[in-house]
Amino acid sequence: MINIDNLKRNPTKIKKCFKKIGKTLIATENIKVIYPEKYESKNLAIVDSSVRLVSIFAILDDNNNYAVNNLPIFINLTPSNIDHVTIDNELYTVLEFEEGSTYTENTELIVNNKFLYDLFNLFYTNGKIPWFMDYNDLINIFSKTEKYANSDLGSNPIISEILASIVAKAPNDKSILYREILNNNKTILKTIKPTYVGLMNPFYTFDNTVSRISGSYYSKGLMGALINKEKETTKIEEILRK
């Protein structure tokens, strides 16, 4: 059982839970690695004798501290035990490492970019953002792709900022962008987490009738247009009406 309300984000504490010997990384305390079980169906995690996993996950110690790994590269981990938990109605895989056990046998990681589409599809297209990632983590998912994935996908940070601003919504009203409430109060970033809606969701991603009903999801878009009526007519609609 993991109660995320009791956890404190403390990367300094978590960093002290590791010791490097040559190319091997050893756990100096009992720790857990947690990632969405969906990774396993999206080619972002392969569970075998070891676990090959994209390096976007949370690391927890026994004192309710956690840190976030947010790198677009795969790592091979050797857990002592594998468990599963449900957090916010989503299934997560928990990799357990005992004190003194090997965390990873090789810290020299292989650069490739074949998984980037799957990562984009899960996080942005479907809006499945793990509990441990905050708004800035989401923005920075692809910021280091040039170094770790040999890709220029994250070379323009403005694109990532725009995408994050579209999928992140106000927690109590998905029709309001999270960045809009941030503009009113910057302290919200630390106290209120956004809710997320995938880019292809016609109910909340598009803000006008034409956009909602002209895509591939006509039925859902039509319902969204009827429920969430636009307040102003767009230029495109004015042209179409003539």
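The values are calculated or read from the model by the stated rules, or taken from the named source; none is laboratory data. Remember, predicted model here, so these are calculated numbers, not experimental data. Every residue, glycine as well, gets a Cβ built from its backbone with ideal geometry; the counts of neighbours run over all protein chains shown.
Would you mind stating whether ASN89 is surrounded by fewer than 16 Cβ atoms within 10 Å (Cβ to Cβ) and farther than 26 Å from ALA168 by Cβ? No, not satisfied. For region 147-160, enumerate the residues that are crowded, with 16+ Cβ neighbours inside 10 Å, more than 11 Å from LEU71 (Cα to Cα) and of a type outside the set (Gly, Ala, Ser). If the condition is that a residue be crowded, with 16+ Cβ neighbours inside 10 Å, more than 11 Å from LEU71 (Cα to Cα) and of a type outside the set (Gly, Ala, Ser), then LEU153 is the only one that fits. Of the residues making up region 1-40, those that are under 16 Å from GLU90 (Cα atoms) and modelled with pLDDT under 95 are MET1, ILE2, ASN3, ILE4, ASP5. Can you pull out every residue in region 12-39 that is in a helix (DSSP H, G or I) and crowded, with 19+ Cβ neighbours inside 10 Å? Once the filter is applied, which keeps residues that are in a helix (DSSP H, G or I) and crowded, with 19+ Cβ neighbours inside 10 Å, region 12-39 yields ILE14, TYR39.
One residue stands out among those in region 128-164 that are of a type in the set (Lys, Arg) and outside any helix (DSSP H, G or I): the one that is nearest to the chain's Cα centre (by Cα), which is LYS128.
Taking the listed residues SER80, SER49, the one that is small (Gly, Ala, Ser), over 16 Å from the mean Cα position of the chain (by Cα) and within 20 Å of GLU108 (Cβ to Cβ) is SER49, with no other qualifying.
For region 117-127, the count of residues that are closer than 14 Å to PRO194 by Cβ, at pLDDT below 95 and part of a loop (DSSP other than H, G, I, E, B) is at least one. Would you mention how many residues in region 52-64 are of a type in the set (A, V, I, L, M, F, W, C) and more than 13 Å from the chain's Cα centre (by Cα)? Residues that pass the stated criteria total 3. Look at (1) within 24 Å of ILE14 (Cα to Cα); (2) surrounded by 18 or more Cβ atoms within 10 Å (Cβ to Cβ) and you find that VAL167 fails only one, number (1).
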